[in-house]
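Have a look at the structure below before the remarks.
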Amino acid sequence: MNSAPPAPAVVNPRAREPLVSVVIPAFNRDATIAAALRSVQAQTYSNWEAIVVDDGSCDGTVRTVERYRGGDARIRLIRHAENRGAQAARNTGIRDARGSWIAFLDSDDRWMRDSLRVRLEAAAARRLNVVHSQAYQRCGDGSLALYELRPLEGWIYRELLCEPGPVFQGLLVAKEALETIGGLDESIVALQEWDTAIRLAKHYPFGFVQSPTFIWDRRGEETITSDRGRDARGYEQVVRKHTDAIVSQAGPQILSRHYATIAMRYLAAGEKSEAFRCLRALRRFRREPRP
């Protein structure tokens, strides 16, 4: 973006310790939710509340959270009567949050001990409302490796229209910023953080923390990224939603590149008819120049 709107008011963690609301969506995560909560309890920054939003689990997730809540008043539990999806669970947590900052953690991932502190310090140093960070990934053999998220900083709206960037587990966002964009879009089936980051980047500059602040466990067979068809549909949803902005800010060639990517993802999922549909759209974009 060429010009910045007036900077919104930001809580300064150096002046006092703001409350951070940690939003954790959970669905049938009895095997992993305890470790996620322990990683929050181990934070060097202690002024937080953890809001676990159980999204209609039918295993022991609720019992496990209740056990941790009984020993730590900072842990709260909200229950959905039926499964509504991770985005809906996150929105529930955001709406009920008491903190001025929102941090996200998935129920099968972990934070590093300084995760909250270093991101709050980065936000305070540059008076930012959005900060994201580098990450480790837990590989299939259980080993840790650097995930190497793109170190995007400043006004990154155009960059995010070109390709995905931050992930939820590394985002620290002022609650007022999430309210400004109207919360999270619950209709997006995958790559929800990409849509969220695009919408935030239209209004706010981003900061980046180079040191990894979380461990992204990518081993689970039930993750969205392992469902290639859903991943392709989510990618297409984000591109369709932001098509006009992609063309005006980044150019029609970027839109064409997105549709080539979507087609390849559908092919990888074995959905050939969807892939060919996207390839036909790609040929149409190349024939018909857009303003």
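The values are calculated or read from the model by the stated rules, or taken from the named source; none is laboratory data. Remember, predicted model here, so these are calculated numbers, not experimental data. Backbone-built Cβ (ideal geometry, glycine too); neighbour counts: all protein chains shown.
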Give just the number: which of (1) out of contact with any Lys or Arg (no Cβ under 9 Å at 6 or more places or on another chain); (2) on the phi < 0 side of the Ramachandran plot does LEU191 not satisfy?
(2)
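Name the strands (runs of 3 or more DSSP E) wholly within the stretch 18-115 that hold at least 1 residues that are in contact with a Cys (Cβ under 7 Å, 6 or more places away or on another chain) and at positive phi?
Strands (runs of 3 or more DSSP E) meeting the threshold: none at all.
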Pairing a residue in the stretch 57-79 that is of a type in the set (Gly, Ala, Ser) with any residue that is outside any helix (DSSP H, G or I), where Cβ atoms lie under 6 Å and the two sit 6 or more apart in sequence or on different chains, gives SER57/PHE27; SER57/ASN28; GLY60/ASP30
Can you tell me which residues in the stretch 134-172 are of a type in the set (Ser, Thr, Tyr) and in contact (Cβ under 8 Å) with a residue 60 or more places away in the chain?
TYR136, TYR147, TYR157
Report those helices (runs of 4 or more DSSP H) wholly inside the stretch 169-288 carrying at least 2 residues which are closer than 30 Å to GLY140 by Cα.
192-201, 228-241, 252-268, 272-287
Of the residues that make up the stretch 47-69, is at least one at pLDDT 95 or above, within 24 Å of GLU153 (Cβ to Cβ) and either in the same structural domain as GLU186 (by TED's automatic domain parsing) or surrounded by 16 or more Cβ atoms within 10 Å (Cβ to Cβ) (or both)?
no
Can you tell me which residues in the stretch 116-137 are over 13 Å from TRP216 (Cα atoms) and either touching a Ser or Thr at 6+ places or on another chain (Cβ under 8 Å) or part of a helix (DSSP H, G or I) (or both)?
LEU116, ARG117, VAL118, ARG119, LEU120, GLU121, ALA122, ALA123, ALA124, ALA125, ARG126
For GLY165: the one exception among (1) over 27 Å from ALA35 (Cα atoms); (2) under 14 Å from the mean Cα position of the chain (by Cα); (3) part of a loop (DSSP other than H, G, I, E, B):
(1)
